[in-house]
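Have a look at the structure below, then the notes.
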Amino acid sequence: MTDPQSNIVTETEILDRAVWRKWNKYTWSGLIIIGIGCLLIVIGLLLNSGAYSAEGLLIGIGAIVIFIGLMRVAIGFINPMTPADLRRRRKDRTPEETDPILSTLEDE
């Protein structure tokens, strides 16, 4: 039987790796998206062409892009509470499990 202590250590390592991957994926891309949104707003403010023109459209799109970036950063900072919150992937799949239609054709 496996040692419960080693199982806890393995689950903690999996949790740490998942938190690190999630942080890298969502936080950096969110910051880049926020930068693009700020750039759109600055371009919109520099146009000075009126309220109902490309200026207002760029500012509105920039605000939406910044909101999306903030959501991505927030997702990157939210961590799972326990290792049980993570879903495990199956690595030991057999060909029958991956494609049941082909396995039934091979039997005939």
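Where a number appears in this text, it was derived from the coordinates with a stated rule and is not lab data. Note that this is a predicted model, so its numbers are computed, not measured. Every residue, glycine among them, receives a Cβ derived from its backbone with ideal geometry; neighbour counts consider all protein chains shown.
Observations
- Sorted by Cβ neighbour density within 10 Å, fewest at the top, the residues Leu47, Leu15: Leu47, Leu15
- Per-residue Cβ neighbour counts within 10 Å put Thr12, Thr27 in the sequence Thr12, Thr27, beginning with the fewest.
- Peptides ranked, highest mean first, by Cβ atoms within 10 Å: ranges 63-71, 16-24: 63-71, 16-24
- Coordinate range of the alpha-carbon atoms in the range 22-81 per principal axis, descending: 49, 14, 9 Å.
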